[in-house]
Amino acid sequence: MQNEHDREHARWDRRSFFKTLGIGLGGSMMLGGMKVGATVVSPLAKALAAAESTGRSLVFIRLKGGNDGLNTIIPLYDYSTYANLRSTIRINQSDAFNLSSEFAMPNFMNDLESFWNDGKMKVVHGVGYDEQSLSHFRSSDIWATGTDSQEVLSSGFLGRYYEEEYPDYLSNPPEEPLAIQIGSVGNLMFKGSDSTDYAFSVADPNQLYQLAQNGWLHDVNNLPPCLYGEQVGFIRGIANSTFIYAGVINDAYNNSTNAVTYADTSLGKQLSLVARMIKGGLSTKVYLVTLDGFDTHAEQPDAHQALLTDLANSVTTFYQDLAASGRDNDVLSMTISEFGRRPEQNASDGTDHGAAAPSMFFGPALEGNGFIGNHPSLTDLDYAGNLVFNIDYRQLYASVLENWLCIPEAVVDETLLNVHYDRLQLGFECVTSVAEHERVALKHEPLYMPDGSVTVQYTLPVGMDVTVQLYNIMGQQVDQLDSGYRSAGTYRVPLASANQNLAGGQYIYRIIANDRPYSRSIVLSR
């Protein structure tokens, strides 16, 4: 019986089981038209989720379709060139308010004028990447995955980070969602290399409330002691977690109210939900909202004005709402868009796909207004007649991950495919109770040896107390592999030796160094 059980594990592990069923993509599933997912919480997941928390949140505002940066941040310093390129769609100087002597914004965005004057907004000029793709789909994927234009990946930059931080997420996700998408689903940003989607997608918390009220919990205990029982239990756990997450989100939603009235617009509705979740006590750190419609090839002026008016009004309302509960300093927002528009207008009173564009940052934590980087020249264009970028988009990600969310530098670099991007001085820095030398990421990796055994290798930058533990996929500790004070240096801890009676399958090792956990998933072959 045991041999057959082990053979079953060897040829069909849990993850492949769910992939075969087609419902296990990241422990997510569709219920009530919404993509939701999660399951019960293990001690390991709780410990990982309890890792250093800064209380800060980051909101990505995606301007889908490619925002026209020149009609958003107007280049007064070379206005004549700008005006000549856009004879019918330009923003007249009399219809704009100045951010400085060199740049202005259109008057229909004047909700942001006081925001700028109060030091709650910064603009990063000329964001893009080398060899800009002009395809919406391809460029969106590039922004989501953190790759170069020539590299194709199916994992997002945040998905890779979560994959490392929560190696047992598929079976034991944290109590509250790591990330939430509203008004958009399926963005690669949150997808791991194994197709796990680490974001929780929400269309309407009231629908989740109905699920939580009308659903039921499946029995995950009285199951047959075999692989079949294990798999059924796992499916039931996923279904149960749907209601658990529904309850958590619904609790946060109902624990707060909007202190101000949002405009009845797409972005206004999305940010009003984010505000209620943050004010309601949800610990989720990353949100993604989407404002669609920026692909303005024709009759741009009216459409673009409506979109930017929604952006300006919704952002200022959002921060007024947060400020009413004293949470505005905890929330940073930033715009992203797959590309900008061409400097020269087309014959349809619109603009075509371009390259570099500005990114806007919002929030009182910026502690001052200002511009980052140099504005692209309006005359020194690339071979296709597009603006030339001077800030790599991954510099934005690296800056907010390290300096806002306090993710260690080495982890940020690893998440961005082992490239170090210069950080931008946006006005904030990591604020944490953990000392800098303790935040230095501990380097660790599993080594798969020729004899089939596995060894955990870790390197300590300084001497410290270290414990190495082994967990099964259910979050149960099965062994303590090492414990004690270790001097600076590299150590190897055998994980599976000949005298260990561990079944083949997926495990998770956990290193606790100076009270900070580091984990990674491994697979033992027997």
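Count, please, the residues in region 301-315 that happen to be out of contact with any Gly (no Cβ under 6 Å at 6 or more places or on another chain) and open to solvent by 10 Å² or more (accessible area, probe 1.4 Å).
Selection size over region 301-315: 8.
Can you name every residue in region 350-362 that is closer than 14 Å to residue 58 by Cβ and touching a Lys or Arg at 6+ places or on another chain (Cβ under 6 Å)?
Scanning region 350-362 gives a single hit, 361.
Could you check how many residues of region 393-449 are modelled with pLDDT of 95 or more, charged (D, E, K, R) and under 19 Å from residue 151 (Cα atoms)?
1
For residue 195, state whether it is surrounded by fewer than 22 Cβ atoms within 10 Å (Cβ to Cβ), farther than 27 Å from residue 269 by Cα and modelled with pLDDT under 75.
yes
Could you please find all residues in region 340-392 being within 22 Å of residue 146 (Cβ to Cβ) and of a type in the set (Val, Ile, Thr)?
Scanning region 340-392 gives 372, 388, 391.
Within the set of pairs 6+ apart or on separate chains, which have a first residue in region 447-476 that is assigned to a loop (DSSP other than H, G, I, E, B), a second that is of a type in the set (Ser, Thr, Tyr) and open to solvent by 40 Å² or more (accessible area, probe 1.4 Å), and C-beta atoms under 7 Å apart?
Final answer for the pair search is 452/525; 453/497; 463/485; 463/487.
Do we find a residue being more than 19 Å from residue 344 (Cβ to Cβ), touching a residue at least 40 places away in the same chain (Cβ under 8 Å) and of a type outside the set (S, T, N, Q) anywhere in region 63-75?
Yes: one or more hits.
State which residue is modelled with the lowest pLDDT when the search covers only region 168-192 and only residues that are touching a Leu at 6+ places or on another chain (Cβ under 7 Å) and part of a strand (DSSP E or B).
182
How many residues does region 404-429 contain that are small (Gly, Ala, Ser) and under 18 Å from residue 60 (Cβ atoms)?
0
One residue is enough: does region 363-383 have a residue meeting the conditions within 27 Å of residue 132 (Cα to Cα), among the aromatic types (Phe, Trp, Tyr), open to solvent by 10 Å² or more (accessible area, probe 1.4 Å) and free of Cβ contacts under 8 Å to residues at least 24 places away in the same chain?
yes
Within the group 346, 313, which residue is more than 30 Å from residue 402 (Cβ to Cβ) and touching a His at 6+ places or on another chain (Cβ under 9 Å)?
Result of the check over 346, 313: 346.
Okay, residues lined up against (1) aromatic (Phe, Trp, Tyr); (2) touching an Asp or Glu at 6+ places or on another chain (Cβ under 9 Å):
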{"residue": "59", "(1), (2)": "no, no"}
{"residue": "66", "(1), (2)": "no, yes"}
{"residue": "97", "(1), (2)": "yes, yes"}
{"residue": "109", "(1), (2)": "no, no"}
{"residue": "124", "(1), (2)": "no, no"}
{"residue": "142", "(1), (2)": "no, yes"}
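Mind listing whichever residues of region 254-285 are modelled with pLDDT under 95, of a type in the set (Val, Ile, Thr) and surrounded by fewer than 24 Cβ atoms within 10 Å (Cβ to Cβ)?
257, 265, 284 - these are the residues of region 254-285 that are modelled with pLDDT under 95, of a type in the set (Val, Ile, Thr) and surrounded by fewer than 24 Cβ atoms within 10 Å (Cβ to Cβ).
So which helices (runs of 4 or more DSSP H) are wholly in region 51-167 and hold at least 2 residues that are more than 29 Å from the chain's Cα centre (by Cα), buried (at least 18 other Cβ atoms within 10 Å of the Cβ) and modelled with pLDDT under 95?
Here the list is empty.
Which one of these does residue 275 not meet: (1) in contact with an Asp or Glu (Cβ under 9 Å, 6 or more places away or on another chain); (2) farther than 29 Å from residue 174 by Cβ; (3) in a helix (DSSP H, G or I); (4) of a type outside the set (D, E, K, R)?
(2)
Please find, within region 399-420, the residue that is most open to solvent (accessible area, probe 1.4 Å) out of those that are within 17 Å of residue 192 (Cβ to Cβ) and assigned to a helix (DSSP H, G or I).
Taking the candidates together, the pick is 414.
The values are calculated or read from the model by the stated rules, or taken from the named source; none is laboratory data. Small disclaimer: the values here were computed from a predicted structure and weren't measured. Cβ coordinates were reconstructed from backbone atoms using ideal geometry, including for glycine residues, and neighbour counts include every protein chain displayed. The accessibility values were calculated without ligands, DNA or RNA, using every heavy atom of the protein model including side chains. Shrake-Rupley method; radii C 1.70, N 1.55, O 1.52, S 1.80 Å.
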